[in-house]
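See below for the structure under consideration.
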Amino acid sequence: MTSTPALPDGLGQHEIDLAVAKARAASRGGHHPPRDYPPYRSTRLRHPERPLIPLRDPEAVELSGPAFGVTDITALDSDLSAQHPGEPLGERITVTGRVVDRAGRPVRGQLVELWQANASGRYAHQLDRRPAPLDPNFTGFGRCLTDDEGGYRFTTVRPGAYPWRNHVNAWRPAHLHFSLFGTAFAQRLVTQMYFPGDPVIPYDPVLQSVGDATARERLIAVYDHGLSVPGLSLGYRWDIVLDGPSATLFEEGHDL
């Protein structure tokens with residue numbers, strides 16, 4: 001793999017935009033972002049520099065690895081706003097959609113996990129020590145199984161944007177992390193969902209690392225007023241396509 005120059009500290013948005021344009025040109029128009037993407041500085045430490053080692057018998061790994069059962073999931077797992085005695089702070093949202101294959105057929109019984117920052121943009125994690133308040137009534141983690149139509153549904157709060165140390169005045173737009181499992185934990189795909197109209201999106205090197213504009217749009221949910229629950233939450237629809245030309249992009253070597 002050809003090495004790419006490191007991104008210096010202290011760059012402003014203009015320099016970041018130039019670096020994004022150069023990185024897109026170097027990716028030759030591919031849908032998946034390059035593993036080493038200079039505008040997203042931490043990819044220097046996360047991407048593999050040597051050829052990947054294929055497993056001799058991947059099916060054996062999946063059969064012998066841990067699995068999950070229907071009894072492991074409860075209705076409370078998918079409602080992040082009701083997992084604690086008190087009410088969480090923030091705007092309630094309902095996020096729902098379908099998990100389908102390239103032909104639009106439902107993918108049933110998939111374990112879908114969601115994790116996120118709270119309404120202040122802080123994760124309930126020991127490594128997140130930014131000066132933003134934690135919410136004692138919000139942990140930020142949920143899961144569910146897709147139904148017979150491939151559908152999933154979560155009730156949660158809209159996460160806040162948060163600063164990060166990628167470059168000067170760097171902010172991550174509001175987003176939800178999604179993880180999908182197959183029949184075993186060895187079969188896992190991870191991606192992120194963004195919100196329509198977020199003004200921070202054009203300045204985010206993580207999302208902008210996706211060189212194809214259509215592919216980036218597929219990572220942004222659609223507001224659906226019909227999914228809003230009267231008096232409770234605003235509704236968003238976000239379908240996940242596992243493969244094919246319209247596939248949702250998943251993380252490949254670094255966070256997306």
Note to self: With the requirement that a residue be within 12 Å of Ile240 (Cα to Cα), open to solvent by 40 Å² or more (accessible area, probe 1.4 Å) and not in a loop (DSSP other than H, G, I, E, B), what does the stretch 83-121 give you?
What the structure shows: Arg98
Margin query: Every residue in the stretch 122-141 that is polar (S, T, N, Q) and open to solvent by 50 Å² or more (accessible area, probe 1.4 Å), please.
Written below: Gln126, Thr139
Next item on the list: Please enumerate the residues belonging to the stretch 226-241 that are surrounded by fewer than 18 Cβ atoms within 10 Å (Cβ to Cβ), in contact (Cβ under 8 Å) with a residue 40 or more places away in the chain and in a loop (DSSP other than H, G, I, E, B).
Entry: Ser228, Leu232
Note to self: What's the total number of residues in the stretch 129-151 that are free of Cβ contacts under 8 Å to residues at least 60 places away in the same chain and within 30 Å of Gly182 (Cα to Cα)?
What the structure shows: 8
Next item on the list: Give me the pairs, please: first residue somewhere in the stretch 197-214 and over 17 Å from His47 (Cα atoms) and in contact (Cβ under 8 Å) with a residue 40 or more places away in the chain, second residue anywhere and polar (S, T, N, Q) and not in a loop (DSSP other than H, G, I, E, B), beta-carbon distance under 7 Å, and either six or more positions apart or on two chains.
Entry: Tyr203/Gln13
Item checked: Condition broken by Tyr223, with the remaining ones in (1) open to solvent by less than 70 Å² (accessible area, probe 1.4 Å); (2) closer than 20 Å to Ile93 by Cβ; (3) in contact (Cβ under 8 Å) with a residue 24 or more places away in the chain satisfied -> (1)
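Matching residues to (1) closer than 24 Å to His225 by Cα; (2) modelled with pLDDT under 95; (3) among the polar types (S, T, N, Q):
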position: Glu62; (1), (2), (3): no, yes, no
position: Ser81; (1), (2), (3): yes, no, yes
position: Gly86; (1), (2), (3): no, no, no
position: Val99; (1), (2), (3): yes, no, no
position: Leu114; (1), (2), (3): yes, no, no
Next item on the list: Working carefully through the options Glu217, Glu251, find the one that is free of Cβ contacts under 8 Å to residues at least 60 places away in the same chain and open to solvent by 30 Å² or more (accessible area, probe 1.4 Å).
Entry: Glu217
Note to self: It is to be established whether one or more residues within the stretch 69-78 are over 18 Å from Gly151 (Cα atoms), loosely packed, with under 12 Cβ neighbours inside 10 Å, modelled with pLDDT of 80 or more and not charged (D, E, K, R).
What the structure shows: no
Check: What residue, among those in the stretch 201-214 that are of a type in the set (Val, Ile, Thr) and crowded, with 17+ Cβ neighbours inside 10 Å, is nearest to the chain's Cα centre (by Cα)?
Finding: Val206
Check: From the list Pro39, Pro34, which residue is modelled with pLDDT of 60 or more, over 24 Å from Ser179 (Cβ atoms) and in a loop (DSSP other than H, G, I, E, B)?
Finding: Pro39
Note to self: Quick check on the stretch 142-178: of everything there that is over 15 Å from the mean Cα position of the chain (by Cα) and open to solvent by 60 Å² or more (accessible area, probe 1.4 Å), which residue is nearest to Tyr40 (Cα to Cα)?
What the structure shows: Arg165
Margin query: Can you pull out every residue in the stretch 166-218 that is of a type in the set (D, E, K, R), more than 15 Å from Gln116 (Cβ to Cβ) and out of contact with any helix residue (DSSP H, G or I) (no Cβ under 7 Å at 6 or more places or on another chain)?
Written below: Arg188, Asp204, Asp212, Glu217, Arg218
Check: Considering only the stretch 31-46, how many residues are closer than 12 Å to Glu251 by Cβ and open to solvent by 20 Å² or more (accessible area, probe 1.4 Å)?
Finding: 3
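The values are calculated or read from the model by the stated rules, or taken from the named source; none is laboratory data. From a predicted model like this one, the values you see are computed outputs, not experimental measurements. All Cβ positions, even for glycine, are placed from backbone atoms using ideal geometry, and neighbour counts span all protein chains on display. Each accessible area value is taken on the protein alone, full model and side chains, heavy atoms only, with ligands, DNA and RNA left out. Shrake-Rupley method; radii C 1.70, N 1.55, O 1.52, S 1.80 Å.
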